[in-house]
Amino acid sequence: MTFNISERIVDDMVAAGINFVTTVPCKQLAGVIDLVEKNDQIRHVPSNKEDEGMGLCAGSYMGGGKPCIIMQNTAIGVTVNTLSALIQFYQFPLPMLISYRGEVGEPVACQVEMALHTKPILQQMNIPTFHFHKKSDVEELPAILAYTQMCKKPTAILTDASFWRAA
Amino acid sequence: MIRNEVLKSIVPVITDELVICNIGSPSQELFSLDDQPSNFYMLGTMGLCSSIGLGLALSQREKVIAIDGDGSVLTNLGTLPTIANNVADNFILLIIDNGSYGSTGDQPTYAGMKTSLAAVAEACGCDHVVECQAEDTAEELKKALAADQMTIIVCKCQSGNVKVPVITMNPVVIGDRFMKEVQKRNA
Ligand SMILES: [Mg+2]
């Protein structure tokens, strides 16, 4: 497969009607964030913390926008209350494109600690979770984005180091 | 003046505007004074009122007033640089600054001590920041609405709450009713 993964992800987001993206950076997501910033069909609003970003997304959705948040899995530790008391309580659809740090291939030991909590927290919160490990897993993204709008829930797309290495 | 008196004084000004209202006493007091489909009440997530308001203002044409508090803004201080750098001229952030965490028993906040939220907003790069006394809030709000530019108003008032019931309206109903109103006004 010769396609560029970051381009593919942003193209799929635009095709799904996503027009408002907030980001807190991660090295693995740098290519996607760069393309989001350059895309003129997406308003990119960088946020300083992920719960702030989810507030922006909630407002955008109520204004008729189709938001998405791009963040690291460490953010799951920051946003539990916001996911529960804002996004889930009011039933706002919110796709979360998440870099899944701390999996095999991770150079930073501390990232492993939060990686171990990531899936259990998402499961505890009944958040539909999808794990992109191989490059071809990206083919599921359009269906996941449609599913998120259909069920009006936050959904987690975990993208690990192997996925990005294959890119 | 306490918050409830400030809200009473601005009801005639905000009744036709899209309002995002801060969690706890502010939402409960506004709900009791002047419930409208154009009001969105926060039932959880302390701090995110200004973020929800900015996201809404950036995504549609109508004017948006976020009625926030000093404690809430301090909880989400990162919101001010985001607001400053993503200008929405249909957005007004009204911070009702009573120097206390009103909903939790009036514990003092740093905004009532050495920290000036107006000075913080200016330092973050917000262009139109107004600090006013409680009794001038309605007038400042009218001016900001007429000016068609993003404005942060810090209203200095007394600490204190009135006894009003909690909001029992279903959150999905609050959101759905509000979104239909937003759609109607943008049609
Ligand atoms: Mg207060």
**Asked** From the set of residues in segment B:113-136 that are touching a residue at least 40 places away in the same chain (Cβ under 8 Å) and over 21 Å from B:Gly78 (Cβ atoms), which is farthest from the ligand (Cβ to nearest atom)?
**Response** B:Glu135
**Prompt:** Which residues, taken from segment B:30-51, are crowded, with 24+ Cβ neighbours inside 10 Å and away from chain A (no Cβ under 12 Å)?
**Reply:** B:Leu30
**Item:** So B:Val13, is it away from the ligand (no atom under 16 Å from the Cβ), more than 26 Å from B:Pro171 (Cβ to Cβ) and more than 10 Å from chain A (Cβ to nearest Cβ)
**Value:** yes
**Message:** Just to be sure I understand, how many residues within segment B:152-187 are hydroxyl-bearing (Ser, Thr, Tyr) and under 17 Å from the mean Cα position of the chain (by Cα)?
**Reply:** 1
**Asked** Filter segment A:33-55 for residues that are more than 10 Å from chain B (Cβ to nearest Cβ) and either out of contact with any strand residue (DSSP E or B) (no Cβ under 7 Å at 6 or more places or on another chain) or not in a helix (DSSP H, G or I) (or both); which is surrounded by the fewest Cβ atoms within 10 Å (Cβ to Cβ)?
**Response** A:Asp40
**Item:** Residues of segment A:11-23 that turn out to be touching a residue at least 24 places away in the same chain (Cβ under 8 Å) and either farther than 27 Å from B:Met179 by Cα or of a type in the set (D, E, K, R) (or both), as a count
**Value:** 1
**Request:** Within segment B:146-187, work out how many residues are away from chain A (no Cβ under 12 Å) and either surrounded by fewer than 17 Cβ atoms within 10 Å (Cβ to Cβ) or in contact with a helix residue (DSSP H, G or I) (Cβ under 7 Å, 6 or more places away or on another chain) (or both).
**Result:** 22
**Request:** Return only the number of the condition from (1) within 12 Å of another protein chain (Cβ to nearest Cβ); (2) of a type outside the set (Ser, Thr, Tyr); (3) touching a Lys or Arg at 6+ places or on another chain (Cβ under 7 Å); (4) surrounded by fewer than 23 Cβ atoms within 10 Å (Cβ to Cβ) that B:Leu18 does not satisfy.
**Result:** (4)
**Request:** Restrict the check to segment B:25-35 and report whether at least one residue is over 18 Å from B:Ser9 (Cα atoms), modelled with pLDDT of 95 or more and touching a helix residue (DSSP H, G or I) at 6+ places or on another chain (Cβ under 8 Å).
**Result:** no
**Request:** Only one of these is within 16 Å of the ligand (Cβ to nearest atom), buried (at least 23 other Cβ atoms within 10 Å of the Cβ) and not in a helix (DSSP H, G or I): B:Ile96, B:Ile65. Name it.
**Result:** B:Ile96
**Request:** From the list A:Ala85, A:Ala30, A:Ala58, pick out the single residue that is away from every other protein chain (no Cβ under 14 Å), in a helix (DSSP H, G or I) and among the aliphatic types (A, V, I, L, M).
**Result:** A:Ala30
**Prompt:** Which residue, of B:Lys114, B:Lys8, is in a loop (DSSP other than H, G, I, E, B) and of a type in the set (Lys, Arg)?
**Reply:** B:Lys114
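The values are calculated or read from the model by the stated rules, or taken from the named source; none is laboratory data. This one's a predicted model, so the numbers in the text were calculated from it and none came from an experiment. For neighbour counting, all protein chains shown are included, and Cβ atoms are generated from backbone atoms with ideal geometry for every residue, glycine included.
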